[in-house]
Every structure is written in structure tokens, then in C-alpha cells.
1. Please go through the stretch 62-99 and pick out each residue that is without any contact (Cβ under 8 Å) to a residue 40 or more places away in the chain, open to solvent by 50 Å² or more (accessible area, probe 1.4 Å) and farther than 15 Å from residue 124 by Cα.
2. Cβ contacts < 9 Å: first residue on the phi > 0 side of the Ramachandran plot and in contact (Cβ under 8 Å) with a residue 40 or more places away in the chain, restricted to the stretch 133-156; second residue open to solvent by less than 90 Å² (accessible area, probe 1.4 Å) and not in a strand (DSSP E or B), any location; separation 6+ or different chain. Result?
3. Mind listing just one residue for me: the one in the stretch 109-123 that is touching an Asp or Glu at 6+ places or on another chain (Cβ under 9 Å) and exposed (fewer than 14 other Cβ atoms within 10 Å of the Cβ) and, of those, nearest to residue 79 (Cα to Cα)?
4. Assess whether residue 17 counts as being at pLDDT below 85, over 15 Å from residue 110 (Cα atoms), out of contact with any Phe, Trp or Tyr (no Cβ under 6 Å at 6 or more places or on another chain) and among the small types (Gly, Ala, Ser).
5. Select from the stretch 163-179 the residues that are open to solvent by less than 80 Å² (accessible area, probe 1.4 Å), assigned to a helix (DSSP H, G or I) and at pLDDT 75 or above and list them in ascending order.
6. Please work out if residue 58 is assigned to a helix (DSSP H, G or I), at pLDDT 60 or above, of a type in the set (A, V, I, L, M, F, W, C) and under 30 Å from residue 170 (Cβ atoms).
7. Sort out which residues of the stretch 100-122 are in contact (Cβ under 8 Å) with a residue 24 or more places away in the chain and either out of contact with any Leu (no Cβ under 7 Å at 6 or more places or on another chain) or not aliphatic (A, V, I, L, M) (or both), and write them in order of number.
8. Residues in the stretch 25-53 that are modelled with pLDDT of 55 or more and over 19 Å from residue 130 (Cβ atoms): how many?
Amino acid sequence: MIAGLALLLTNVTSILSNARALPGEVRKTSDQFSGWYGDYQGWKGRWTNDPEGMVDAAGLSLSSQPFRIDIDDTASGDIVGTLETKGICDKLPLFENLLVDGSISSSKYATIHVFDFIGGYRREFAVLRLEREGQVMRVTPLADHARVFARESRIARDPEGIGGPDNREAICPGKRAKFIERALEKASKSSAQP
């Protein structure tokens with residue numbers, strides 16, 4: 001009994017030190033497991049209906065309407081990026097692309113919110129479900145407040161290094177500037193008339 005008490009007293013510092021480190025180690029292990037389970041890095045990159053340099057793109061049955069999601073960050077299972085579609089070009093006059101954020105629930109599923117800031121306030125346009133199967137992703141609207149998304153879109157990951165953001169044309173380039181120019185022309189014509 002005395003030997004056990006002596007052993008305990010000589011190792012108190014070590015025991016207390018390990019007890020302080022335990023929550024940090026548990027958090028690191030949890031983060032590693034979540035990263036493995038959600039395959040966070042596998043979501044990152046440019047996803048498009050027209051992946052440049054992909055040899056078998058025709059066999060993937062990708063959507064015909066232009067659609068592009070750039071997922072810039074997936075830290076801790078949170079998605080951050082931008083989204084560009086033909087529907088946004090056609091139906092939302094001021095926007096060429098919209099912002100996205102959301103969360104990864106597994107290596108196969110994620111949910112994103114499509115939004116932008118208008119007048120300093122966040123305005124949500126849609127909530128989309130992403131379903132990933134390897135290099136192909138199916139995008140399905142759960143809520144489409146602006147009615148700009150197809151019932152389902154199929155897109156694929158652009159091979160890295162080929163279609164970087166600076167090397168690709170926008171789906172609707174210069175749209176905002178053209179809209180503002182037309183609005184100013186209308187305003188000047190209406191103010192010029194007596």
C-alpha cells in the first residue's frame with residue numbers, strides 16, 4: 001500500500017500533465033476522423049458541366065446547361081466558395097455568380113446555401129444538396145427561392161492545373177456592367193424628356 005502511494009506521488013506531475021493534454025488529443029483525433037469520413041479535400045476544387053481535359057466527359061452524362069461551383073475551402077467540413085450558372089445569368093440581373101457556404105455530412109453528401117449580400121444583409125437564393133460519386137457530383141435544389149436552378153444538374157471536377165480561375169471564361173461575363181449601363185441609359189432618357 002505504501003509502495004502504491006509512493007508511486008502515485010512520484011507520478012502526480014506526469015498524471016496531471018497527461019490529463020491536461022487529453023482534451024487536445026481527443027479533439028485532434030476527432031478532427032482526423034471527421035476529415036477522413038467526410039473526405040474534405042475530395043470536395044475542394046472546380047466542379048463544372050464542361051471539365052477541360054477530361055477524356056471521358058461524354059460518358060459522364062453531364063448537364064448541358066452551364067454550371068460551375070468553385071469550392072475554395074473545406075476546413076473542418078465547412079464549404080466556402082462561389083457558384084455560377086446559366087440560370088443566374090438569365091434570371092438575376094445584377095449577379096454573375098453567387099457565394100456558397102455549407103457543410104459536408106459525409107464523403108458523399110453536402111448541403112450548401114447559395115447567397116449574396118444586398119444592402120449589407122445576407123440574402124439567400126437557394127439551398128442545394130450535393131451528392132458526390134468520385135469525380136461526378138449531382139446537384140439538387142432543396143429550396144430554390146429565386147427559381148434559377150434545374151431540378152438536377154450533373155457536373156464533374158475539372159482536372160487540377162488545366163482550368164484555373166484565371167484561365168476560364170465566366171458563364172456570363174460583364175453582365176453586371178451591361179445591366180448598370182442599360183439602367184443608366186434608361187434613367188438619362190427619362191430625365192431628358194419634359
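The values are calculated or read from the model by the stated rules, or taken from the named source; none is laboratory data. Because the structure is a prediction, the values reported are computed rather than measured. Cβ atoms come from the backbone with ideal geometry, glycine included; neighbour counts cover every protein chain shown. SASA here: full protein model, heavy atoms, side chains in, ligands and nucleic acids out. Shrake-Rupley method; radii C 1.70, N 1.55, O 1.52, S 1.80 Å.
1. Residues satisfying the conditions are 64, 72, 73, 75, 78.
2. Close Cβ pairs satisfying both conditions: 147/87.
3. Taking the candidates together, the pick is 109.
4. Values: at pLDDT below 85: yes; over 15 Å from residue 110 (Cα atoms): yes; out of contact with any Phe, Trp or Tyr (no Cβ under 6 Å at 6 or more places or on another chain): yes; among the small types (Gly, Ala, Ser): yes.
Yes; evaluated as a whole, the condition is true for this residue.
5. Within the stretch 163-179, the first condition is being open to solvent by less than 80 Å² (accessible area, probe 1.4 Å), and the residues that meet it are 163-164, 168, 170-175, 177, 179.
Checking the rest, the ones that are also assigned to a helix (DSSP H, G or I) come to 175, 177, 179.
Within the stretch 163-179, just 177 meets the criteria.
6. Values: assigned to a helix (DSSP H, G or I): yes; at pLDDT 60 or above: yes; of a type in the set (A, V, I, L, M, F, W, C): yes; under 30 Å from residue 170 (Cβ atoms): yes.
Judged against the criteria, residue 58 is a match.
7. First, the residues of the stretch 100-122 that are in contact (Cβ under 8 Å) with a residue 24 or more places away in the chain: 100, 102-108, 110-112, 114.
Selection gives 102, 103, 104, 105, 106, 107, 108, 111.
8. Of the residues in the stretch 25-53, 2 are modelled with pLDDT of 55 or more and over 19 Å from residue 130 (Cβ atoms).
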